[in-house]
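Trainee: I'd like to ask you about the structure that follows.
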Amino acid sequence: MTSTLDLRLPSSTAATRCDGCGSDIAAGLLVCPGCHRLVHAVTLNQLKAEAEAAARAGDYSAGLAAWRSAAALLPVDSRQHTAVGEKIDELTRAGGPAVSAPAELPKTGAWKWLGGLGTFGVLLWKLKFVLVVLATKGKLLLLGLTKASTFFSMLLAFGVYWTAWGMWFAAGLVLSIYVHEMGHVAALRRYGIAASAPMFIPGVGAFIRLRAQRLAPHEDARIGLAGPMWGLGAAVAALAAARLGGGPMYAAIAHTGAWINVFNLLPVWQLDGNRGFAALSSRQRWIIVLMFVCGWAVAHDGLFVLLIVAAAVRSLDAHAPPTGDRGALAQFAFLIAALAVVYRAAA
């Protein structure tokens, strides 16, 4: 089963006549061919005002959403588009610990070789708060269920899985996948990007669609890894229920949920691992290979062998960024370790 993000570029709003010179404008054009006036000048000014008001209020997500909407209405080769792009990048790196770039670490000795793996330890404390995070995001989780496409595709998937494995396991599996997808939605909202509710495909998994003009590597990595992070929370919840007397059914749900989220860490295609891997330097990628080896040593599952091979092949890619994202490395490493432990504990 897979979980993918279907990225689509925004389409421009159709305009028929220039407000400045009265020239007819074909649908999709962003600049008037007659007077070279921006077609959406009024809307752009409104979005700028909204973004500035959001900045004054400290609402980074609203500010990002406004600037991203503005970028979609500007020609990509214009100086205005470049300026808006700089604003977007500035906000994504100044929106608090969950969004900002990781702090610099010493560049000598073991730290230099590890490429910042020390930040992995900082994230370990997050495990005990995973369930709390899911609880506080209850409103968002319920919101997705109000969408007809999500609800009915979810119901269809539930029916298919019920036929194969029984009602309760099917319910737990579908909910685990749903929580995973809503992790992506929550991360996208944090970056001011609108996204659809999840759509289920029985036997394959689920996906969400989003409209964004561009994503920086560190943004893409955080959004991609947010799904497995929330999926880890669902697996931990199922494992806790099993240990508290819920029975082997909950353990099976936790085991399967952990396996699905580990699979999604494969650094290939549109899987979440590929998005996280793309933000890593060559040295950081080899650290993830070693983490997959450690995961295999804990979980004793052949899936980790596939992950090791895929990650090793990707690590040989000469196009890796020279300076990787230490935050993405820490999240990736944490997920591998935590999911391996849950997978083993639920077996």
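The values are calculated or read from the model by the stated rules, or taken from the named source; none is laboratory data. In this text the structure is predicted, and so the values were computed from the model without any measurement. Here the Cβ positions follow ideal geometry from the backbone for every residue, glycine too, while neighbour counts run over all protein chains shown. The accessibility values were calculated without ligands, DNA or RNA, using every heavy atom of the protein model including side chains. Shrake-Rupley method; radii C 1.70, N 1.55, O 1.52, S 1.80 Å.
Trainee: How fast does region 149-229 diffuse by Stokes-Einstein, in µm²/s, taking the Kirkwood radius from C-alpha pairs at 25 °C and 0.890 mPa s? Mind showing how you got there, number by number?
Mentor: On the way: Rh = 13.3 Å.
After rounding, the answer is 185 µm²/s.
Trainee: Taking all protein chains together and a probe of 1.4 Å, list F200, F158 from the most accessible to the least accessible.
Mentor: Solvent-accessible surface, decreasing: F158, F200.
Trainee: May I pose another question? Note the full-extension length gain between D24 and V160 as 0.36 nm times their separation in residues minus their Cα-Cα distance, in nm to one decimal.
Mentor: Roughly 43.7 nm would be gained on extension.
Trainee: To the nearest 0.05, what FRET efficiency results for V313 and I201 with a Förster distance of 22 Å applied to their C-beta separation?
Mentor: 0.20
Trainee: What FRET efficiency comes out for the pair L143/S78, r = Cβ-Cβ distance, R0 = 30 Å, nearest 0.05?
Mentor: 0.25
Trainee: How would you order 294-303, 186-195 from highest to lowest mean count of nearby Cβ atoms within 10 Å?
Mentor: In decreasing order of mean packing, 294-303, 186-195 become 186-195, 294-303.
Trainee: Output the peptides 70-82, 274-286 sorted from most to least packed, where packing is the average of other Cβ atoms within 10 Å over each peptide's residues. Could you put the intermediate results ahead of the total?
Mentor: Numbers: 70-82: 16.5, 274-286: 22.7.
Result, highest mean first: 274-286, 70-82.
Trainee: Can you tell me the length gained on complete extension of the stretch R56 to A240, counting 0.36 nm per residue apart and subtracting the Cα distance?
Mentor: Details: separation 184, 0.36 × 184 = 66.24 nm, distance 4.25 nm.
Extra length from R56 to A240 when fully extended: 62.0 nm.
Trainee: For region 190-255, place one equal point scatterer on every Cα, skip the solvent, and apply the Debye formula. What is log10 of I(q)/I(0) at q = 0.13 Å⁻¹?
Mentor: Scattering profile of region 190-255, log10 relative to I(0): -0.54.
Trainee: Separate question: Using 0.36 nm per residue of separation minus the Cα-Cα distance, give me the extension gain between Q270 and W286 in nm, one decimal. Walk me through the intermediate numbers first.
Mentor: Numbers: separation 16, 0.36 × 16 = 5.76 nm, distance 2.05 nm.
Stretched fully, the Q270-W286 segment lengthens by 3.7 nm.
Trainee: Right, something else. What shape does region 137-177 have by the C-alpha gyration tensor, where a ≥ b ≥ c are the square roots of the eigenvalues, rounded means a/c under 1.5, and otherwise prolate means a/b greater than b/c and oblate the rest?
Mentor: It is oblate, given that a/c is not under 1.5 and a/b is not larger than b/c.
Trainee: I've got another one for you. Set the Förster radius R0 to 35 Å, insert the Cβ-Cβ distance between F152 and C294 as r into 1/(1 + (r/R0)^6), and round the FRET efficiency to 0.05.
Mentor: The calculated FRET efficiency here is 0.25.
Trainee: If a/c stays under 1.5 just call it rounded; otherwise compare a/b with b/c (prolate if a/b is bigger, oblate if not). Do that for region 147-291, with a ≥ b ≥ c from the square roots of the Cα gyration tensor eigenvalues.
Mentor: Oblate.
Trainee: While we're here: Where the accessible area of region 245-306 is counted over protein heavy atoms with a 1.4 Å probe, how much of it, in %, is carbon and sulfur? Mind dumping the intermediate values first?
Mentor: Working: 1750 of 2360 Å².
Summing carbon and sulfur atoms, their accessible area is 74 percent of the total for region 245-306.
Trainee: What order do you get for 148-155, 339-346 when each peptide is scored by the mean count of other beta carbon atoms within 10 Å, highest first?
Mentor: 339-346, 148-155
Trainee: Using only the Cα atoms of region 208-347, what semi-axes does the equivalent ellipsoid have when each is the square root of 5 times a gyration tensor eigenvalue? Give whole Å, largest first.
Mentor: Computed over region 208-347, the values are 27, 17, 11 Å.
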